[in-house]
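Written out below as structure tokens is the structure these notes cover.
None of the figures in this text is laboratory data; all of them are computed from the coordinates on show. Computed from a predicted structure; not experimentally measured. So basically every Cβ, Gly included, is an ideal-geometry build from the backbone, and we count neighbours across all protein chains shown.
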Amino acid sequence: MARAYNFCSGPAMLPTEVLQQAQQELLDFRGSGASIMEVSHRGDTFVEVYEQAVKDLRDLMRIPNDYEVLFLQGGATQQFFTIPMNLLSDGKVGNYLITGQWSKKAIAAAKKYGQVHVAASTEDENFTRAPRQDEIQLSDNAAYLHYTPNETIGGVEFDYIPQVDVPLIADMSSTILSRPIDVSKFGIIYAGAQKNIGPSGLVVMIIRKDLLGLVDGLPNVFDFAEVAKNDSMINTPPTFSIYLAGLVFKWLKRQGGVDAMAKVNQRKAEKLYQAIDGSHFFSNPIAPESRSWMNVPFVLADESLNSTFLTQAEDAGLLTLQGHRSVGGMRASIYNAMPEAGVDALIDFIHAFEKKYA
Ligand code: PMP
């Protein structure tokens with residue numbers, strides 16, 4: 001069996017150990033005689049898996065007791081809509097930091113539910129950096145400030161948590177669990193699972209309890225208060241995805257938790273940026289203080305070599321290095337499950353490619 005290094009932005013690599021465990025347990029889950037996919041979500045077997053996953057996530061992220069952990073469906077995209085639905089009460093204004101394509105999608109969704117305000121944007125600098133704290137200007141009557149701590153496509157990451165006196169909402173899809181964060185600084189943290197957590201479709205949300213139930217009359221499956229009241233099981237939840245997320249949480253604990261992951265992730269990113277910066281052949285346009293640890297976009301000085309680079313990388317077992325279709329070039333997504341050896345292999349490949357074609 002050969003597992004390649006897969007640099008896909010999502011769905012992304014999962015730890016091999018986790019996939020092996022899932023394989024081993026697939027037909028007969030821990031002596032139950034059935035797959036975890038085949039048992040009732042209301043039964044003891046699954047409820048135990050669910051409760052353990054919530055507990056492990058709470059431990060890993062040190063989630064305070066005044067926060068609920070929700071497992072949602074519909075991807076992070078659905079939450080672009082459900083968040084303003086749940087929070088824009090009484091003519092309040094959704095405030096947004098615009099740092100790339102995902103935050104633009106989030107604000108576009110919110111416009112359908114109420115007023116929005118751009119509290120800062122770096123669009124006129126082509127999203128090559130995150131805005132500074134002193135550039136953030138909230139509107140009157142702000143319900144919240146939403147931002148994207150890591151823009152997966154552009155590779156722009158905030159190196160600080162914005163400080164505002166309204167609830168802070170973070171789309172952490174591509175950075176959750178990559179390092180420790182202080183959950184108490186946030187009103188809502190949410191993340192599509194397919195990068196650092198597990199299979200796509202599942203969304204993890206961490207929501208401060210005082211933000212539940214602000215708007216009446218919502219469809220129950222979109223109402224965070226109702227979801228919380230029903231332990232994320234108003235209807236049948238994505239049981240296999242929750243199980244797999246739970247295995248990833250256990251794996252993270254075995255690695256030493258998010259503190260240990262942060263050290264490895266920082267080292268992986270720094271050496272890759274060093275290789276890119278040290279080359280005349282490759283470059284990355286993002287301001288150093290805003291460079292993502294998770295998604296590293298880069299371009300070749302001679303773009304006509306892009307497809308040669310990608311084909312030869314694939315032959316060398318380095319998969320899915322093409323940049324997002326909207327920006328082109330290359331992008332290496334190096335989430336938690338990308339081993340450091342994968343980044344080393346990519347760096348060796350970058351050096352060899354430059355030697356051959358420069
Ligand atoms: N936000 C961010 C930061 C993302 O990277 C993505 C997906 N790449 C999304 C939202 C959308 O996630 P989903 O496809 O799960 O809706």
Does any residue in region 102-128 that is over 23 Å from THR175 (Cα atoms) come within less than 9 Å, Cβ to Cβ, of a residue that is among the aromatic types (Phe, Trp, Tyr) and part of a helix (DSSP H, G or I) six or more places away or on a different chain, and which pairs are these? LYS112/PHE81; TYR113/PHE81
In region 51-81, how many residues are more than 16 Å from the ligand (Cβ to nearest atom) and either part of a helix (DSSP H, G or I) or among the acidic types (Asp, Glu) (or both)? 13
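Hey, among the residues in region 89-109 that are assigned to a loop (DSSP other than H, G, I, E, B) and not charged (D, E, K, R), which one's farthest from GLU135 (Cα to Cα)?
SER89
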So, in region 268-323, exactly how many residues are part of a helix (DSSP H, G or I) and in contact with an Asp or Glu (Cβ under 8 Å, 6 or more places away or on another chain)? 4
Being over 18 Å from GLY217 (Cβ atoms), within 16 Å of the ligand (Cβ to nearest atom) and out of contact with any Pro (no Cβ under 7 Å at 6 or more places or on another chain) is the filter here, so list the residues in region 82-98 that pass it. TYR96, ILE98
Which pairs do you get when a residue that is farther than 13 Å from ILE107 by Cα, found in region 136-153, comes within reach of a residue that is aliphatic (A, V, I, L, M) and within 16 Å of the ligand (Cβ to nearest atom), reach meaning Cβ atoms under 6 angstrom, with the pair 6+ apart or on two chains? PRO149/ALA170; PRO149/MET172; ASN150/MET294
I need the full set of residues from region 324-341 which are within 17 Å of PRO11 (Cβ to Cβ) and surrounded by 20 or more Cβ atoms within 10 Å (Cβ to Cβ), in order please. ARG331, ALA332, SER333, ILE334, TYR335, ASN336, ALA337, MET338
Could you list, in sequence order, the residues of region 286-304 that are within 21 Å of ILE176 (Cα to Cα), of a type in the set (Ser, Thr, Tyr) and surrounded by fewer than 23 Cβ atoms within 10 Å (Cβ to Cβ)? SER290
Take the residues in region 135-183 that are within 16 Å of the ligand (Cβ to nearest atom) and of a type in the set (Phe, Trp, Tyr); name whichever of them is farthest from SER333 (Cα to Cα). TYR147
